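Down below is the structure, laid out as structure tokens.
Values in this text are rule-based calculations from the coordinates and carry no lab data. Just so we're clear, the structure is a prediction, and the values are computed from it rather than from any experiment. So basically every Cβ, Gly included, is an ideal-geometry build from the backbone, and we count neighbours across all protein chains shown.
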Amino acid sequence: PVKGSAPKTGYDRVADFGEAWLDVDGNGCDTRDDILARDLTGVVRRGSCTVVSGTLDDPYTGTRIAFERGVDTSARVQIDHVVPLMDAWRTGAQALSQEAREHLANDPLNLVAVDGPTNQQKGAGDAATWLPPAKGYRCTYAARQVAVKSAYGLWVVPAERAALERILAAC
């Protein structure tokens, strides 16, 4: 559905969507390590879960990034919420149960390992305000946004709908 954006009043990342990187699938690993293991190649782990290094072929920029876990290096690769949690909050997540919101925040469909600085530029932007610089990934990105919003009963705002239609029509 298409509606206006609800206010972000009351939005609290931790209170509304849970602590970052829970183990919602019960595999003993946190979601961040699950996504790093899925999206990086040449993954090296400490123990059975912690990804300590690997290589990311960043879908947002088209660049290759060497990931190495560490205080000064981990932020080079971040896990992006394809539908940002604040955007989800303003487009229907306020009405979801706490459990559903925590699942949304940790759902692999809504998560992708990307270039850290590019993720910071995106912020809480929707498809009307931000798109990946790598034009070849925009179809996948738009389709994932639609899939996530549909799966959780979230809506799009008119400008976002127009942007998504424009992108998907060119796929």
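In terms of the Cα gyration tensor, with a ≥ b ≥ c the square roots of its eigenvalues, is the range 21-169 rounded because a/c is under 1.5, prolate because a/b exceeds b/c, or oblate?
Taking the square roots of the gyration eigenvalues as a ≥ b ≥ c, the range 21-169 is oblate.
Whose amide H sits under 5 Å from the amide H of V112, counting only residues 5 or more places off or on another chain, with H placed in the peptide plane?
D80, V82
Given 0.36 nm per residue, what is the gain on full extension from D12 to E68 after removing their alpha carbon distance, in nm?
17.2 nm
Any idea what angle helix 138-151 forms with the longest principal axis of the chain, computed on alpha-carbon atoms, 0 to 90 degrees, nearest 10?
That works out to roughly 70 degrees.
For the range 21-169, what does the relative contact order come out to in percent, with C-alpha contacts under 8 Å and a separation of six or more?
The value is 22 percent.
Roughly what angle does helix 158-169 make with the longest principal axis of the chain, taking Cα atoms, 0 to 90 degrees, to the nearest 10?
The angle comes out at about 60 degrees.
By count of other Cβ within 10 Å, fewest leading, how are L164, L22 ordered?
L22, L164
FRET efficiency for A95 and T140, Cβ-Cβ distance as r, R0 = 22 Å, nearest 0.05?
0.20
Can you sort K149, K3 so the residue with the fewest Cβ neighbours within 10 Å comes first?
So the residues, fewest neighbours to most, are K3, K149.
Once you charge only the Cβ atoms, +1 for Lys and Arg and -1 for Asp and Glu, what is the size of the charge dipole of the chain about its Cα centre, to the nearest 20 debye?
560 debye
Assign unit charges at the C-beta atoms only (+1 for Lys and Arg, -1 for Asp and Glu), then state the dipole size of the range 10-56 relative to its Cα centre in Debye, rounded to the nearest 20.
Dipole magnitude for the range 10-56 comes out near 300 debye.
Under a Cβ-Cβ cut-off of 15 Å, what is the net charge of the residues other than D30 that fall near it, where Lys and Arg count +1 and Asp and Glu count -1?
Counting the neighbours of D30, the net charge comes to -3.
Summing Lys, Arg as +1 and Asp, Glu as -1, what charge do residues with Cβ under 11 Å from the Cβ of R46 carry, R46 excluded?
Residues near R46 contribute +1 overall.
Please list, in order along the range 124-136, the HN-Hα scalar couplings obtained from phi with the Karplus expression 6.51 cos²θ - 1.76 cosθ + 1.60 (θ = phi - 60°), rounded to whole Hz, x for Gly and Pro.
Per residue, the Karplus-derived 3J(HN,Hα) values read 9, x, 9, 5, 7, 10, 8, 9, x, x, 6, 4, x Hz.
Suppose R0 equals 35 Å. What FRET efficiency, 1/(1 + (r/R0)^6) with r the Cβ-Cβ distance, do A128 and D25 give to the nearest 0.05?
E between A128 and D25, to the nearest 0.05, is 0.65.
Choose one of G116, L131, I79: the residue whose Cα lies farthest towards the positive end of the charge dipole of the chain (beta-carbon charges +1 Lys, Arg; -1 Asp, Glu; about the Cα centre).
L131
Determine the shape class of the range 80-128: with a ≥ b ≥ c the square roots of the Cα gyration tensor eigenvalues, call it rounded for a/c under 1.5, and otherwise prolate if a/b is greater than b/c, oblate otherwise.
Taking the square roots of the gyration eigenvalues as a ≥ b ≥ c, the range 80-128 is oblate.
Pick from V14, V148, V77 the residue whose mean-square fluctuation is largest in a GNM of the chain, springs joining Cα atoms under 10 Å.
V14
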